Every structure is written in structure tokens, then in C-alpha cells.
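The values are calculated or read from the model by the stated rules, or taken from the named source; none is laboratory data. These figures come from a predicted structure and were not determined experimentally. Here the Cβ positions follow ideal geometry from the backbone for every residue, glycine too, while neighbour counts run over all protein chains shown.
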Amino acid sequence: MNKKQKKMLLRIIIASVAMLVLMWIPFGEALWARMLRLGCYLAVYLIIGYDILRKAAKGIYHKQVFDENFLMAIATIGAMSIAIYENGDYTEAIAVMLFYQIGEFFQSYAIGKSRRNIAALMDIRPDTANLLTDNGIEVVEPDDVVTGSIIVVRPGEKIPIDGIVVEGQSTLNTSALTGESLPREVKEGEEVISGCVNLNGVLHIRTTREFEESTVSKILELVENASSRKSRSENFISKFARVYTPIVCYSALALALIPPLVLFVTGNGHGFSTWSDWIYRALIFLVISCPCALVVSIPLSFFAGIGGASKAGVLVKGSNYLESLSNSRYVLLDKTGTLTEGVFEVTGIYHNRDIEKETLLEYAAYAESHSTHPISKSLQQAYGKELDLSKVSDIEEISGNGVLATVEGKRVAIGNEKLMQHIGLSDEIQTQTDAVGTIVHMAIDGRYEGYLVISDRMKATAKSAIADLKKVGIRQTIMLTGDSEKVAHKVAGELGIDRVYAQLLPADKVEKVEQVLAQKHHDKEMVLFVGDGINDAPVLSRADVGIAMGALGSDAAIEAADIVLMDDNPQKIAKAIRIAQKCMRIVYENIVFAIGVKVICLILGALGIANMWIAIFADVGVMVIAVLNAIRALFVKKD
């Protein structure tokens, strides 16, 4: 607990003990005894309620009258006034304020718990960086490290800025980012991201971006802004409270004045006792009507859901996306990097008789030498020799089709069938029917010379991930890929995916998302797209909900996606949906419970059946139960 919570808990304990003690003290009926009794109870009332009275006064001063503080202040002051007039029981008024503060304490604790979950994520922010200079190691602020600098990360320290290991090897703890406890081995030449904890060896890292552009900064900015995007349920409750609160205040005023006035005019009243009875009913009506349970528990449920999700490695940009995610019925998935590992390797080289296999591979590696695409890297790795980039010139990339380049004076075309069609060689293509993988065709100086087969490995959890999506209510799974029909259908068949669209350009993927959006049965059904975030930004933005998976180092993913999964496990997709569905169940439970109890108790209060203790339950009791229910959204199963 923080200092504020401890202070509140201390006030609750002091007021509770003092009230119990006062109830057992026989003050007597003498005037001085009655005044002493009133003073003691007033002191307890002020101890437990002074902050509520102050907030109510500020609200009145700023012309923002109708809120829960105003309702509590009016109800308790009115109850105290009636008790003073009748020399009655002061405990009811104090109990209303006491139990309201207990409810506030539970709310504060729940929010604090959720914030601590998010704070655990926030703990990835490094305080300093060890900058390697000519004079040795200098400890500086991460903001002061420029791109291309060498930083030293010792065992037990967080990596402050994204970069590439230039010296050393170690094991990294990525749990703060991914929610997974499995460590990651890194060595020289590998990329590392900020926020990971170095467990053993000393690492020298060349930074590849500034701190404000690093992964840790992007993630923290995403989490900090999450609460600004409200769901439809939250917006409804906010509007409801703004209309509901003044209505019940005027209704309570009418209840206090109209019935006794009618009785007085008709001669059926009995003096002030009639007025006090109806005023008492009005005060009960006010306490019951306080919308705390709704106003507090609904945003808290979403906040707790976002906090629980972040602990599981699922970053949600706002509660509106959490609500949409729970209603997902169609899931469109990118293949490479999402369902497959994105680790490509050359599994076959088919060439004409007048060119050697090694020569074809050499031209392919040089033509793709300026690309960072995984397929390009696989060609360079298969070649296995150091590339002399001066041999390559006039590089022209045909988006979604391939590359044209001049290698040692020869014009090389490397890419898919559409590229061969583009250069007028589609009739020359010949491929073996048993070749399964990405087919990369090659032409040299306008002559078709053969093709290479590049295969990608499916993720071990991909098949179970698709099965999990069916279990959480997904009506249809659809795979979108730029790969060939043959490869796409093979992967989809093995994984159990319902529909496949292959050989798609990025613009084609957007078009397919548009088609699925148009086919929805009704507006509440959401279309979810999952991609690796490298080249799927347009599709992530167009879908109802965009999820970037395993995209910690991708700026495009973090910017375009609504939800970011912190590792590359596709099973996290269904887990994210389960978290959202649980959160929404809790929200609806709280709405139905709170409104149902209040309607019943309001009727009982207006009829004079409910007393102040029932009013306390209808207000504070319902709020405490709703808050405790909301806290459940924090806890995420580790399956």
C-alpha cells in the first residue's frame, strides 16, 4: 500500500473503533451529556468524512455539483441533522460515510494493484547507460547516447537502448517484455532490444537508434496512453452518470417535499414528524441512488484487464480495443513470421544446363545483397561468402514482385512469376510439381535460367494456436500471404485454417480485409488481423482490431497495431481474446448487478420499507462487491 492508502486505512480503523466505543458509552439525557455525545460523534464524522465534504464543497464552488461526493455529503449531513433534532442515532450517518470510505479504499487498492502490474512493465525503463568512451566507461542518461555509440551492459543490468552486440555473449531475461520466463541466448552480431535484463556475460552493444525511439520507450508510451481510449461501455456509463445523478437528486427533493406538502394541505399530516419522515426517506433515496458501483467498477474492470494483460505480455492500447477484441469472430493471419518462424533456408536449386548451380546462387545473393527481407538473407547465407557490393549496381525493386539489378555487367531479374511476366519471360517458366516452398525465379540478361526453392519452418505452437482460436469463439480463420498457392494451401491444411488467399501484395491484403468486413453478420462482430508488423501496417490499421505479434523491434507494428503481443507465440492470440472476454464478462456482471440492486432498493426506499442500513448496502455494499469482482480481471491464467 502507498502512503495515501495507509492513511485512509488508519482513518477507517480509528473511526470504526471510535464509533463502537461511543455506542457503549451511556451519556445520559442531561443537556451537557447530549452536547458531549453530539461533539464526540461529530468528531468521528469529520475524521472519516472531511475529504468528502471538502470535495463536495469544491464541486459546488466550481459549479460541478452532481457527483457522488455531493450525494454522500447531503445524505450524511441530512441524517446527522435529523438525528440532532430528534436526539436520535448518529451512527447511521457516520456508517454511511464510513462504509463509503471502505468502498473507496477497495477501489484504491484495486487500481493500485493494477498499476503495480503495469509498473512491473514500466520497470523495464533503464535509469542509466554505460557509454564506452576513449577515457573508459562513462555513466550517462540514456537520452544522451547517440546512435552508433558503444554501450556496455554488465550482468544484472537492463539493456537501455536497442542495438547490435559487437562483443561478448550472454543470456537475456525477456520476461518483463514478453511475460515468458524462457531466457534468450545472444552473441556477437545479433540484435538486442531495450528492456531485457542481462543475466551473465558482459555485452558491448552498438546502438542502432536513440533512446526515445527505442523499443522500451515505444512500449511505455503505448501503456501510458492506454487509459485515454475509452470503450463504448465506459462512455455509456459516463454519459449515464451525468444524466442519472441530477435526476435522482431532483427526485429525492420531490420525495422530501411533495408527499408531506400534499398531506399537510389535505389535513392528513402530523406536524414536523411527517416532514422528517419524508426527508429521511429522501436521504435514504439519495444514498441508494449514488452511482458509485457503476462509475467506479466499470473503468476499474477495464483498467484491471489492461493491467492483467500487460503482465501476460499483451499490450492493449485502450479499453475500446479490449472490448472489440472480445467480440472478434473473424481472424485473418499473415503467414510469414506469424504462423511460421520467418527463418528461411534454400532447400533446392533448379538451373538450366548451361549455368552452374553455384553461379546461379551467386547471382541471386548479389542481386538481393541490398535487401533486408528474410528471403534475401537466406540467399546470402546459402551463398556463404563475403559479398563485394561494388559488383552490384542499378538496383530496382519491383514492390511485391522482386528485384532487378546489374551484377558484374549482367542484368539479373530475381523474384516471383509476376516479375517474370513483367520482363516477358512467363512462358519460359518450368517448375517441378513436388517443389514445396517459396519459388524464386531468376533470369540473366533476358534469359530464364532457373529457380530456387526457399522454405520456412512452421512454429511449433501454430497448430494448437488455430485450435485455441476455435475454442474462444472464432467463427472463421483466414490466412493471407504473398506466398504461392501451393505453399499457402499446404500450410493451411496442416494447421486447420478455414480459408486461404495466396500471392497477395500488401494492397491485396487490405482488399481481402475489406471483403471480410463487408461479409460480417452485424456490426458487433469484429474482424481481427494478426501480422508480424514488418510490412502489415496498412492491414493492421484497416481491420477492426490489429494485433502485431512478436514485433518488439518494429516501429511500424507498435504504431499501427491496436494490440501488441510481446513475443512471437501465436497461442497468445487466443489468450488475448480470453483476457478480453473475461474482462467484458466482469463489466456486464457489474452493470446488471449494480443497476438491478439499485432499482429494487430505490423502490423500497421510496415506499419507506428500506432503512439507512439497506441504503448503505445498496450503495457501498454493491460498490465493494463490484470492485472486488473487477479485481478478478487482474488475474490471468498461465495457460
> When you look at Val403, is it among the hydrophobic types (A, V, I, L, M, F, W, C) and either more than 22 Å from Ile423 (Cα to Cα) or not in a strand (DSSP E or B) (or both), yes or no?
Replying inline: no
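To keep it simple, each residue is scored yes or no on (1) more than 30 Å from Tyr350 (Cα to Cα); (2) modelled with pLDDT of 85 or more; (3) among the basic types (Lys, Arg); (4) in a strand (DSSP E or B).
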residue	(1), (2), (3), (4)
Gln432	no, no, no, no
Ala443	no, yes, no, yes
Tyr448	no, yes, no, yes
Val453	no, yes, no, yes
Arg457	no, no, yes, yes
Ala460	no, yes, no, no
Asp468	yes, yes, no, no
Thr477	yes, yes, no, yes
> When only residues in the range 426-463 that are hydroxyl-bearing (Ser, Thr, Tyr) and surrounded by 15 or more Cβ atoms within 10 Å (Cβ to Cβ) count, which is nearest to Leu333 (Cα to Cα)?
Replying inline: Thr461
> Within the range 341-370, can you find the residues that are closer than 30 Å to Asn569 by Cβ and either surrounded by 23 or more Cβ atoms within 10 Å (Cβ to Cβ) or out of contact with any strand residue (DSSP E or B) (no Cβ under 7 Å at 6 or more places or on another chain) (or both)?
Replying inline: Phe344, Glu368
> Could you list, in sequence order, the residues of the range 310-331 that are in contact with a Gly (Cβ under 9 Å, 6 or more places away or on another chain) and of a type in the set (A, V, I, L, M)?
Replying inline: Ala312, Val314, Val316, Leu322
> Among Ile395, Ile414, which is the only one that is more than 16 Å from Ile349 (Cα to Cα) and in the same structural domain as Ile349 (by TED's automatic domain parsing)?
Replying inline: Ile395
> In the range 368-379, what count of residues is obtained for those that are touching a residue at least 60 places away in the same chain (Cβ under 8 Å) and among the small types (Gly, Ala, Ser)?
Replying inline: 1
>> Looking at (1) farther than 30 Å from Ala548 by Cβ; (2) touching a Ser or Thr at 6+ places or on another chain (Cβ under 9 Å); (3) of a type in the set (Lys, Arg), which one does Lys335 not meet, given that it meets all the others?
In response: (1)
> Among the residues of the range 337-354, is there at least one that is without any contact (Cβ under 8 Å) to a residue 12 or more places away in the chain and out of contact with any helix residue (DSSP H, G or I) (no Cβ under 7 Å at 6 or more places or on another chain)?
Replying inline: yes
> Quick one: in the range 187-200, which of the residues that are in contact with a Lys or Arg (Cβ under 9 Å, 6 or more places away or on another chain) and assigned to a loop (DSSP other than H, G, I, E, B) is modelled with the lowest pLDDT?
Replying inline: Gly195
>> If Ile609 meets every condition in (1) in a helix (DSSP H, G or I); (2) of a type in the set (A, V, I, L, M, F, W, C); (3) within 26 Å of Ile94 (Cα to Cα) apart from one, which number is that one?
In response: (1)
> Checking Tyr383 against (1) farther than 24 Å from Met479 by Cβ; (2) at pLDDT below 85; (3) in contact with a helix residue (DSSP H, G or I) (Cβ under 6 Å, 6 or more places away or on another chain); (4) surrounded by fewer than 23 Cβ atoms within 10 Å (Cβ to Cβ), which test does it fail?
Replying inline: (2)
> Looking only at residues in the range 409-430 that are at pLDDT below 85 and not in a helix (DSSP H, G or I), which one is farthest from Met442 (Cα to Cα)?
Replying inline: Gln430
> Applying the selection to the range 319-363, what residues are at pLDDT 85 or above, in a strand (DSSP E or B) and among the aliphatic types (A, V, I, L, M)?
Replying inline: Val331, Leu332, Leu333, Val346, Ile349
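Being under 30 Å from the mean Cα position of the chain (by Cα), modelled with pLDDT under 90 and closer than 29 Å to Phe303 by Cα is true for just one of Arg116, Arg184. Which residue is that?
Residue meeting the stated conditions: Arg116.
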> Would it be correct to say that Lys4 is over 16 Å from Gln101 (Cα atoms), under 42 Å from the mean Cα position of the chain (by Cα) and charged (D, E, K, R)?
Replying inline: no
